[in-house]
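The values are calculated or read from the model by the stated rules, or taken from the named source; none is laboratory data. The shown structure was predicted, so the numbers you read here are calculated from the model rather than taken from an experiment. Here the Cβ is made from the backbone with ideal geometry for all residues, glycine too, and neighbour counts use every protein chain on show.
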Amino acid sequence: MAENPFFAPSSLPYQLPPFEEIREEHYLPAFERGMAEHLAEVDAIANSTEPPTFDNTLAALERAGQVLKRAAMAFFSVAASDSTDGMMAIETEISPKLTKHTDEVKLNRALWARIKQVSTDVAEESWLLEKYREDFIGAGADLGEAEQARLKELNEEVSKLSTEFSQNLLKASTEEALVVHDAKELDGFDEARIESIRKDDAYVLPLLNYTNQPGLAQLTNRETRRRLYQLSVERARPNFELAIRIATLRAERAALLGFPNHAAYTVTDQTAKTVEAVEAMLGQLVEPAVRNAKKEAQALAEMAGFDIEPWDWSFYAEKVRQARYDFDADAMRPYFELNRVVEDGIFYAAGKLYGLTFTERPDLKGYHPDVTVFEVFNEDGSALGLFLLDPYARPTKRGGAWMNNLVDQSYLFGEKPVVMNNLNITKPASGPTLLTYDEVNTAFHEFGHALHGLFSEVRYPRVSGTNVPRDFVEYPSQVNEMWTTWPEILANYARHHESGEPMPAELVEKMKAAEKFNQGFATVEYLAATLLDWAWHKLEHGQTVEDAEAFEAEALEAAQIAFPLVRPRYRTNYFQHIFASGYSAGYYSYIWSEVLDAESVEWFKENGGLTRANGDHFRKELLSRGGGMDPLTAFRNFRGRDPRIEPLLKRRGLD
């Protein structure tokens, strides 16, 4: 296939993948050729007769595998955002092959022998060398041949099972959706929302990828809420067995590599470093979170006039919030129109802080008509990169919201970043797209990741942008959430979609007053998922689990986080983060990162808030560093001290 668009660098600006030319049949040949070329390049490096140096070994590895990289970055972006049966078939076939390919590289004894001989005095090179050594040791480079053979089998099987887990979940979001035939059962939704989910003679509400579906806060029909909740927590039941198998295989792999469990194996190259450090931090949060949630439950029962069930919580939480604070979350939606949120909110904040400007590029296309491409410029007019936004939910998109790179920034290749944000906002059948406050906050959050990728100033792709420890990667994105309600930013974008009138000041004040309410629920929901992740990945090799649901219940009870009215944000059967998305034994990273985030928000407020000086300091000392230096050193350079947990406890009302 001489015309395969992956065989040569893209000719589009910033090497944006040529999505208009890419067809499904291009992917497998590109993967096959890419893997073959990459292995040939790796073998040439490993078998070189020259003495090993940083340039002929580490930098050479960074240069290798370009066809494979182009194909993988495009394929997995589209597979997550606009999948088809054909794409899922390719993913099923290629995922274990890619895992096997990675093992062939990292278990290459000759290559590992050369890497161990490399030395350098250059700071970024030293850090990259350390990352490579961690990668190879963690992949089993020092194991004997028999152990390496078993490790390859384990990796390949985990890869297959993870792909199956993810695809089961994608199908379940629509195949197990809530279906009603009488619009009266959807009372609480506005007409536009009801019309947007009409399918022939029925109404179909897809499941988003967490326990408490957004509709639970609005639907007045208690039976409809119960059905929606039950569908949510019971979906994709085959994934329970897959979870057992994946966790068991990971435990065996950890033992092969000399660790007591997968959690200990995973955390060694994170900023936390040890299991004990993670558990000490989580332990400070459980008791006050549960205590607050129980107080909240009492308030909800008083409002309802009966003992509530889990599917009642969100509905009556809004009732209590409205009664206590005279605040109705739905009253904010008319002021949150999507385009204004993006251009007059998110982009405006980036301009005030960092001097950025954004120009829409309709001549550049994404993989779906919903994708918009923006060119990003620095204050001096110099080009920074491309930003792609894919805001809408669809049956072919996995749940949640995320950022990913299509092109990594690197001085080695002279490449500027191309980054993308995916959201899951319901697309109206007609009229403007109005967001909830949570959706607005999520959009600011994901753009924080985008800034981390756009501002990267490193030489090597391995440490570009968001290629940082998992328990650090959420930190910059969480900091960006602070601008959602910053007065100057909010006043610029929160305007009524019909009248153009700004959001009333009293509504903003009521929202801020109400923010700490329901934080017990939010924290328990999150901590329960975190401790469930931890329990699955503290399994020891040889330990068996017969019943995943029983294991889940026992784990939550043991962690003292079991509270029947507040189930984990993700149950085992739809916990994509840990069984299919690289966050195994790492879901704690959100709260770990929030410690840094709360400290940073405090710093911004102490130093004048929304100023170019503050933005430039954050960009220079932290965002631009990518993964090219120790992340906690970058934090100290920005904040001026080590992080403390007190600002987080205060923020969540847990102090």
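Side notes on the structure shown:
- Single residue of Asn209, Asn221 found to be more than 18 Å from Val158 (Cβ to Cβ) and at pLDDT 95 or above: Asn221
- Evaluation of Asn339 against the conditions (1) closer than 27 Å to Leu384 by Cβ; (2) outside the structural domain of Glu446 (by TED's automatic domain parsing); (3) polar (S, T, N, Q) shows that the sole unmet condition is (2).
- Options Leu28, Leu39: the member that is hydrophobic (A, V, I, L, M, F, W, C) and either closer than 18 Å to Lys106 by Cβ or over 31 Å from the mean Cα position of the chain (by Cα) (or both): Leu39
- Every pair of residues 6+ apart whose Cβ atoms lie under 6 Å, when the first sits in region 501-529 and is of a type in the set (Lys, Arg) while the second is crowded, with 19+ Cβ neighbours inside 10 Å: Lys510/Phe327
- Matching option when the condition is surrounded by fewer than 17 Cβ atoms within 10 Å (Cβ to Cβ) and hydrophobic (A, V, I, L, M, F, W, C), among Ala280, Ala317: Ala280
- Residue in region 145-153 that is outside any helix (DSSP H, G or I), over 21 Å from Lys97 (Cβ atoms) and not basic (Lys, Arg) present: no
- Some residue of region 81-92 being in contact with a strand residue (DSSP E or B) (Cβ under 7 Å, 6 or more places away or on another chain) and either in the same structural domain as Thr372 (by TED's automatic domain parsing) or in a helix (DSSP H, G or I) (or both): yes
- Leu178 being crowded, with 18+ Cβ neighbours inside 10 Å, within 28 Å of the chain's Cα centre (by Cα), under 19 Å from Arg398 (Cβ atoms) and not polar (S, T, N, Q): yes
- Complete set of residues in region 59-76 that are within 16 Å of Ser166 (Cβ to Cβ) and surrounded by 22 or more Cβ atoms within 10 Å (Cβ to Cβ): Phe75
- Checking each residue in region 520-565 for being acidic (Asp, Glu), in contact with a helix residue (DSSP H, G or I) (Cβ under 7 Å, 6 or more places away or on another chain) and over 18 Å from Ala263 (Cβ atoms) picks out only Glu549.
- Selection status of Ala331, surrounded by fewer than 21 Cβ atoms within 10 Å (Cβ to Cβ), farther than 27 Å from Pro428 by Cα and in contact (Cβ under 8 Å) with a residue 12 or more places away in the chain: no
- Qualifying residues in region 489-518 (those that are over 23 Å from Gly431 (Cβ atoms) and out of contact with any helix residue (DSSP H, G or I) (no Cβ under 8 Å at 6 or more places or on another chain)) - the one modelled with the highest pLDDT: Ala491
- Residues located in region 611-645, provided they are part of a helix (DSSP H, G or I) and in contact with a Ser or Thr (Cβ under 9 Å, 6 or more places away or on another chain): Phe618, Leu623, Ser624, Arg625, Pro631, Leu632, Phe635, Phe638, Arg639
- If the condition is being touching a Gly at 6+ places or on another chain (Cβ under 7 Å) and part of a helix (DSSP H, G or I), then region 497-549 contributes only Gln519.
- Pairs, first farther than 10 Å from Ala548 by Cβ in region 238-266, second among the polar types (S, T, N, Q) and in a helix (DSSP H, G or I), C-beta under 6 Å, six or more apart: Pro238/Asn168
Residue-by-condition table, conditions (1) more than 22 Å from the chain's Cα centre (by Cα); (2) among the hydrophobic types (A, V, I, L, M, F, W, C); (3) under 19 Å from Lys106 (Cα atoms):
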position: Thr248; (1), (2), (3): yes, no, no
position: Tyr265; (1), (2), (3): no, no, yes
position: Gln270; (1), (2), (3): no, no, no
position: Leu282; (1), (2), (3): no, yes, no
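- In region 199-228, the residues that are of a type in the set (A, V, I, L, M, F, W, C) and either crowded, with 20+ Cβ neighbours inside 10 Å or within 27 Å of the chain's Cα centre (by Cα) (or both): Val204, Leu205, Leu207, Leu208, Leu216, Ala217, Leu219, Leu228
- Selected residue (criterion: surrounded by the most Cβ atoms within 10 Å (Cβ to Cβ)) from residues of region 231-277 that are basic (Lys, Arg) and modelled with pLDDT of 95 or more: Arg250
- Entry remark, region 548-561: residues being in contact (Cβ under 8 Å) with a residue 12 or more places away in the chain and under 13 Å from Val290 (Cβ atoms) number 4 in total.
- Residue satisfying all of: in region 117-144; among the acidic types (Asp, Glu) and in contact with a helix residue (DSSP H, G or I) (Cβ under 9 Å, 6 or more places away or on another chain); surrounded by the most Cβ atoms within 10 Å (Cβ to Cβ) among these: Glu125
- Only one of the numbered conditions (1) over 13 Å from Val341 (Cα atoms); (2) more than 14 Å from the chain's Cα centre (by Cα); (3) at pLDDT below 95 is violated by Tyr437, and that is (1).
- Being in the same structural domain as Met88 (by TED's automatic domain parsing), among the aliphatic types (A, V, I, L, M) and over 29 Å from Leu388 (Cα atoms) is a description that applies to Ala36.
- Qualifying positions in region 607-636 - free of Cβ contacts under 8 Å to residues at least 12 places away in the same chain and among the aliphatic types (A, V, I, L, M): Ala613
- Count - residues of region 186-214 that are charged (D, E, K, R), without any contact (Cβ under 8 Å) to a residue 60 or more places away in the chain and farther than 18 Å from Pro432 by Cβ: 4
- Some residue of region 10-25 being more than 28 Å from the chain's Cα centre (by Cα) and either at positive phi or assigned to a helix (DSSP H, G or I) (or both): yes
- Qualifying positions in region 336-377 - among the β-branched types (Val, Ile, Thr), farther than 27 Å from Val508 by Cα and either free of Cβ contacts under 8 Å to residues at least 60 places away in the same chain or not in a strand (DSSP E or B) (or both): Thr357, Thr359, Val371, Thr372
- Residue within region 606-619 that is surrounded by 16 or more Cβ atoms within 10 Å (Cβ to Cβ) and β-branched (Val, Ile, Thr) present: no
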